[in-house]
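What follows is a single structure, written as structure tokens, with notes after it.
The values are calculated or read from the model by the stated rules, or taken from the named source; none is laboratory data. Small disclaimer: the values here were computed from a predicted structure and weren't measured. Neighbour counts are summed over all protein chains in view; Cβ atoms, including those assigned to glycine, are modelled from backbone coordinates with ideal geometry. Just so you know, the surface numbers come from the protein's heavy atoms only, side chains and all, with ligands and any DNA or RNA stripped out. Shrake-Rupley method; radii C 1.70, N 1.55, O 1.52, S 1.80 Å.
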Amino acid sequence: MAGLSVVALNCTLTPSPGASSTQKLLDEVLVALATRATVTSDVVRLADHDVKPGVEADMGPGDEWPTIRDRIRAADVLIVATPTWLGHMSSVAQRMLERLDAELSETDEDGRPIMFGKVAAVAVVGNEDGAHKIVADMAQALNDIGFSLPAQGSVYWNGEAMSGVDYKDLDETPKAVASTTATLAANTAHLASLLGAQQYPATS
């Protein structure tokens, strides 16, 4: 399989160098992808960057989103990883989706939305319920923007509610998480390879 370029967005609320359960799961996804293809990974912890609120591609002076946007547009695959807070995706993840809204008005030379042909997958961690809702919301938004999502293209871990144990505290990856991550990686690499070989038809 040909090489894949991957941008992985960590939407934790914890800036570097703080430990991140979201990063741990994201790293596991990237390792699994590397068993399926030659992968060039570009990991971005969004909390380390000044991503301005808004729905434009560039929100002006100080906005660091345009550089991140260029990295996403250059990649074959987007992996989004978010923690669960109060049953929802993080505010950082929501802002990322709001900024990607600008891509709805961008098209390539054949009239296709600019994100057509790119594959996205989702990872969620948290010690409270909400992962299924987060995946549903994230998948809907990413698909609207133009990304393609593979079959079973998400993985999540929910710890026991109010236990205080985070994913980063686990001594080993739960078998169910590992097997789901493997499926996510296999199907993501497969779909990216197919779309890399044959893009969606032109819309005009």
Review point. So which of 198, 152 is at positive phi and open to solvent by 50 Å² or more (accessible area, probe 1.4 Å)?
Key: 152
Check your understanding: Of the residues in the stretch 28-48, how many are touching a residue at least 12 places away in the same chain (Cβ under 8 Å) and either polar (S, T, N, Q) or open to solvent by 60 Å² or more (accessible area, probe 1.4 Å) (or both)?
Key -> 7
Revision key, fill the gap. Condition set of a type in the set (A, V, I, L, M) and closer than 26 Å to residue 19 by Cβ, scope the stretch 80-119, selection modelled with the lowest pLDDT: answer is 86
Review point. Taking the stretch 49-59 only, how many residues are of a type in the set (A, V, I, L, M, F, W, C), within 16 Å of residue 93 (Cβ to Cβ) and surrounded by 14 or more Cβ atoms within 10 Å (Cβ to Cβ)?
Key: 1
Practice item. Show the residue pairs that are 6+ apart or on different chains and have beta-carbon atoms under 8 Å apart, the first residue being within the stretch 62-77 and crowded, with 16+ Cβ neighbours inside 10 Å, the second being among the polar types (S, T, N, Q). Key: 75/5; 76/5; 77/5; 77/188
Check your understanding: Just one of 30, 25 is under 26 Å from residue 117 (Cα atoms) and either assigned to a loop (DSSP other than H, G, I, E, B) or out of contact with any helix residue (DSSP H, G or I) (no Cβ under 8 Å at 6 or more places or on another chain) (or both); which is it?
Key -> 30
Study note, to complete from the structure: Residue pairs qualifying under the 8 Å Cβ cut-off, at least six apart or on distinct chains, with the first in the stretch 175-199 being within 11 Å of residue 150 (Cα to Cα) and in contact (Cβ under 8 Å) with a residue 40 or more places away in the chain and the second being surrounded by fewer than 16 Cβ atoms within 10 Å (Cβ to Cβ) and among the β-branched types (Val, Ile, Thr), are 185/35
Point to revise | Out of 139, 176, 185, sole residue that is more than 19 Å from the chain's Cα centre (by Cα), modelled with pLDDT of 95 or more and in a helix (DSSP H, G or I) | key: 176
